[in-house]
Amino acid sequence: MLAAILAASGQFQPLASISGKTWLFLGLSGLATGASWLCYFRALKIGNAAQVAPIDKLSVVLVAVFGAVFLGERLSGANWLGVGLIAAGAVLVAYRG
């Protein structure tokens, strides 16, 4: 599917033209994704899905914060409100009250 999208958008390039550094980061990304899924399924096995899934959704919050802190991305007030609501929602869903 990715190849079709790249071909349709005119951005397809031969695999040999991809740098070694890019291949390294693609490989590391794949390993991190695999490890993440293994941890997620392990957490589902030992915990309640209603508490595990909201923790997973906090990754959206972490990406926004890391983007702002480390990459210098600028978020508007509405963006920060959304990030805050996602965080609050995750906490409220996971809360055992």
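Given the criteria surrounded by 11 or more Cβ atoms within 10 Å (Cβ to Cβ), in contact with a Leu (Cβ under 8 Å, 6 or more places away or on another chain) and at pLDDT 95 or above, does residue 64 qualify? Taking the combined requirement at face value, the residue satisfies it. Being in a helix (DSSP H, G or I), modelled with pLDDT of 90 or more and under 17 Å from the mean Cα position of the chain (by Cα) holds for only one residue in 32, 88, 78, and it is 32.
Taken as a whole, the structure leaves residue 68 outside the set of residues that are touching a residue at least 40 places away in the same chain (Cβ under 8 Å) and in the same structural domain as residue 93 (by TED's automatic domain parsing).
Taking the range 83-97 as the range and being without any contact (Cβ under 8 Å) to a residue 40 or more places away in the chain and surrounded by fewer than 12 Cβ atoms within 10 Å (Cβ to Cβ) as the test, the residues that pass are 85, 88, 92, 95, 97. Checked against (1) among the basic types (Lys, Arg); (2) without any contact (Cβ under 8 Å) to a residue 12 or more places away in the chain; (3) surrounded by 12 or more Cβ atoms within 10 Å (Cβ to Cβ), residue 57 passes all but a single condition, namely (2). Let me confirm something: among 25, 41, 12, which residue is out of contact with any Ser or Thr (no Cβ under 8 Å at 6 or more places or on another chain), closer than 27 Å to residue 89 by Cβ and either aromatic (Phe, Trp, Tyr) or not in a helix (DSSP H, G or I) (or both)? The match here is 41.
The values are calculated or read from the model by the stated rules, or taken from the named source; none is laboratory data. Owing to the predicted nature of the structure, the values given are computational and were not obtained by experimental measurement. No Cβ is skipped: glycine too gets one built from the backbone with ideal geometry, and neighbour counts run over all protein chains shown.
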